[in-house]
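Novice: Supplied in C-alpha cells, the structure appears directly below.
The values are calculated or read from the model by the stated rules, or taken from the named source; none is laboratory data. Bear in mind the structure is a predicted one, so any value in this text is a computation, not a measurement. Here Cβ is always computed from backbone atoms with ideal geometry, including for glycine, and neighbour counts include all displayed protein chains. Note: accessible area is taken over every heavy atom of the protein model, side chains too, but ligands, DNA and RNA are not part of it. Shrake-Rupley method; radii C 1.70, N 1.55, O 1.52, S 1.80 Å.
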Amino acid sequence: MATIQQLFGDLERHIKREEYEKALNLTDKILTQSPKDKDALHCKAITLIRLERYSDALSILTGRQHLGADKSAFIFEKAYCFYRTNQLADGSSLIQTKRQELAAQGQKLGWDLRHLEAQMLYRMENYEDCLELYHGMLKDTNKSDEGYNDILTNFNACKAAILYSGQPLDDKWKLEDVTKVTYELSFNSACARISAGDYTQALKLLEEAKEICRETLRDYEEEEIEQELAIILVQTAYVYQLLGRTEQAREIYQSVLKIKALEVTVPAVAANNLVAIQKDEDLFDSAKKIKSATAKALGAKFFESQKRTISMNELLLNLYQSKFAACRDSARQLLKSQPDNDALYMILAATTLSQKKTAKAIEELREYAQQRPQSVALEFATIQLMLMEGGRDYTAAIESLTRFLTRLPEAERHQPGFVALLVWLYDQAGQGEKGVELLSESSAIWAKQNQAKGAPKTMPLALLRQTAAFKLRSHRYREAAKDYEELVQADPSDPASIAGLIMAYSYFAPTEAEKYGDALPEMQHAMDLDVEALERVVPGLKREYVSAEPVSGSGLDLGRRRGPGSRPRRSGAKKPNKRKARLPKKFDSSAPYTADPERWLPLRDRAAARLARTRKAGAGSRKDMTKGSQGMNMEGGGIGGTGSARIAGREHLKPVTAP
C-alpha cells in the first residue's frame, strides 16, 4: 500500500499533466487514509473546480466536517464557486465581509477578489458599484501590465450596460472609444455607441473589431476564427436591424446560426432577433427559433433585460398564432416576477381584442389601471380602444383621461403630451371652448414654472405652437396672431410660424399679412406650373366648355381659344334628363290596355315558364322516356311484342305512295 507521501507525489504529477480525473481518484485515496487532511481536501476542491463540478467543490469548501470550520479560509475558491453556481448575492456578501476584515487591519482586498467581485456586481446588474470598483482597479494597475486591458474591457462593457438599461451615465464616466488595441475593446466601445444611439460610429468600431480579430487569430483554424467572430457579426446585424436594414440583418443572423459549436447565448440572441424581424410572417419557423432562445440552460446566462425581451417576443408570437389561452397564462405567470411591466397588461388586453371583444378589453385595461394608477401606457391604450369602437366615444375618453390626470402629481399634469391629447379630444367632441381654456391654463402654469427656475416667463414653444394652431382652427384669429408673433420672435426663420401668422392676419389685418409675405421661402419650380391647366381641374367643379367670343367693345379676344371639335359654353340652366317609360313589347297605345295579371310574379312562376319546363321534363318528353323499367315506354308490347316499336307520343310514319 502506497504511503501518503507517495500518493501526494503522484497527485502532483497528474495535476501538472492536467489529468484531473486521475488526480481526483488520488485525493480520494489520500482522504481514505487521512480524512481530515486539509491539503488533500484543498486539492480535491480545486480539482473539482477544474472539472467544472462547482457544487461538489462548494460542499467541501463550506462543509463543517471539511474545510468550512475556518470561515476565513479559501475565500476566493468559495466565492468563485458561488459565482459559477449563480449564487451571486452569497458570493458578493462573502467578499464584502472579507473586505471589512482587511480594512480593520489597514489592508486592501486582493486584486483577484476585487476582480471577482466586479464580475458578480456586473452579473447582478449593479453597474454603478461595478464601475467604481473597476475604476479603482485601473488606478492601481500599470498600463503595461497584462491584466490592464482586461480591466479596461470590462470597464467599457459596464458603461455600455448602463446606457442599454436606460439609466443615465454619470459625467465622470466619460464615454471614450478605445480603438486598435484588442478586438474586445473595440467591440465593447461599439456596444457603448449602440446604447448611446450612435449607430454610424458603432458600425465602424465593429468593422475594426472584425479586422483585429482576424489578425490576432491568424494562426488559428478558420472554424475557430468564425466562432470568435460570431458575436461581432450578431452585434453588426443588430445595428442593421435598428437602422431598418432588415434584409442585411436577416442574412447575417442566418449565417451565424449555421456556425457550429458556438457559445449558447450567441445563436439564442440571433434566433430571437430573427423572430423580431419576421413578426407575423413565417410563424412556424419563428416558433422553432424562439424555442431555442428560451431553453432552460440559458436562464443563468442572460441578464434580466434580455430575459424580459425574449419572453415578450414569445408572448407576441403566441398572440400572432392565435394561441390566446397560452398567451394569457404565460403573461400572468410573468406578472408575478414583473409586476411593473405594463406591456404584459397590454398583451393580456390584446388577446381579448384579437377575439373582437373590444368592450371587454377596455374593462380589463381599467382593472389593470387600478393596480397601476399612474401608468401612462395603460391609460393611453384604454383611450385608443375607446376611439377604435364604432361609436368613437370621445366623451368617455375625455372623462377617462381627466380622471387619470388627477392621479398624477401637480407638476406632471400639464406636460405637453397630455395637454395635446386632451385638447384634440375636446376638439373632436365639439368642445372647443374647453380646449382653449385648458391651453390658457397650461400656458400660465408653464410660465410660472419657468419663472421659478429663473427662465424667461414664456410657455414652451411646442405648447405655444399647438395653442396657436388650435386657436386658428377655432376662428380665434386675433389670439392666434398674438401667439404666432411670439413664435416668430423666438425663431424668425421658422416658415410654419410665419405662414400661421399670415393666415391669422389675413382675416382681420390683410396689410399686416402682406408685410410677412416676403419672409416665406420661394416656391421651387413655380414657373413650371400651367395655371390654365390647374383651373380646368379644380376639385369639386364639373368640366364645362369655355366661351371663345371676344369681349364686346374691347376688340380683344380675351377668351380661351377652342381646339378642333370644341363647342361653345352652354348658357342657361341645364335641362334634367328624363328617362323614357319602358312599355311592353307589341304595345298598342290605341287599343285598350289590359294589365298582365302575372306581372308581379317572378318569371320562373309564370305560366309560360311552367309550360316550357313541362315540354323539357314532363310526360312524354325525352327525360320521361328513361323512367321505369326497360322497354315499358315502347308501344307494341315492348321487347318481344308483335307491334312496331316507337317512342310514345310520336306519330306513326306513313308510307308515301307514288303519284
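Novice: Can you give the accessible area per residue of the stretch 260-330, in Å², using a 1.4 Å probe?
Specialist: Working: 3740 Å² over 71 residues.
Per residue, the stretch 260-330 has an accessible area of 53 Å².
Novice: With every protein chain left in place, what is the accessible area of residue 308 in Å² (1.4 Å probe, nearest 10)?
Specialist: Counting only protein heavy atoms, residue 308 exposes about 90 Å² to solvent.
Novice: Report, to the nearest whole %, how much of the accessible area of the stretch 171-264 belongs to carbon and sulfur atoms, 1.4 Å probe, protein only.
Specialist: Values: 2440 of 5370 Å².
The nonpolar share, carbon plus sulfur, comes to 45 percent.
Novice: Right, here's the next one. Given a 1.4 Å probe and heavy atoms of the protein chains only, how would you sort 380, 284, 470, largest accessible area at the top?
Specialist: On the way: 380 75, 284 150, 470 0 Å².
I get 284, 380, 470, largest accessible area first.
Novice: Any lysines with Cα under 27 Å of the residue 580 Cα? List them, leaving off those in the same chain fewer than 8 positions away.
Specialist: The reachable lysines, counting only those whose Cα sits under 27 Å from residue 580, are 542.
Novice: Taking a probe of 1.4 angstrom, what is the accessible area of residue 84 in Å², to the nearest 10?
Specialist: Near enough 110 Å² of accessible area.
Novice: Positive end of the charge dipole of the stretch 66-177 (Lys, Arg +1 and Asp, Glu -1 on Cβ, about the Cα centre): tell me which of 149, 73, 91 has its Cα farthest that way.
Specialist: The listed residue farthest towards the positive side: 73.
Novice: So, with a 1.4 angstrom probe, what is the percent of accessible area on the stretch 37-161 that is carbon and sulfur? Let's see the in-between values first.
Specialist: Details: 2830 of 6410 Å².
Carbon with sulfur: 44 percent of the solvent-accessible area.
Novice: May I ask you to rank 208, 410 by accessible area, largest first, using a 1.4 Å probe over the protein chains only?
Specialist: Working: 208 30, 410 110 Å².
Largest accessible area first, the list is 410, 208.
Novice: Same structure again: What does the charge dipole of the stretch 240-317 about its Cα centre add up to, to the nearest 20 debye, if the Cβ of each Lys and Arg holds +1 and the Cβ of each Asp and Glu holds -1?
Specialist: Values: 12 positive and 9 negative charges, 60 e Å.
Dipole magnitude for the stretch 240-317 comes out near 280 debye.
Novice: Okay, moving on. Could you tell me which of the pairs 360/434; 22/258; 174/307; 108/301; 291/336; 210/260 are separated by over 26 angstrom between their Cα atoms in the structure shown?
Specialist: In this structure, 360/434; 22/258; 174/307; 108/301 lie more than 26 Å apart at Cα.
Novice: Defining a contact as two alpha carbons under 8 Å apart and six or more residues distant in sequence, what relative contact order in percent does the stretch 67-201 show? Provide the component values of the computation, followed by the final result.
Specialist: Numbers: 121 pairs, mean separation 20.8, N = 135.
Once normalised by length, the contact order is 15 percent.
Novice: May I pose another question? Under a straight-distance cross-link criterion of Cα-Cα below 18 Å, which aspartates and glutamates are reachable from residue 180, leaving out those fewer than 8 residues away in the same chain?
Specialist: The reachable aspartates and glutamates, counting only those whose Cα sits under 18 Å from residue 180, are 145, 146, 150, 207, 208, 211, 215, 228.
Novice: Still on this model: Probe 1.4 Å, all protein chains in place: accessible area of residue 446 in Å², nearest 10?
Specialist: Probe radius 1.4 Å; accessible area of residue 446 about 50 Å².
Novice: Computing the accessible area with a 1.4 Å probe over protein heavy atoms, can you report the carbon and sulfur percentage for the stretch 335-438?
Specialist: On the stretch 335-438, the fraction of accessible area on carbon and sulfur atoms equals 50 percent.
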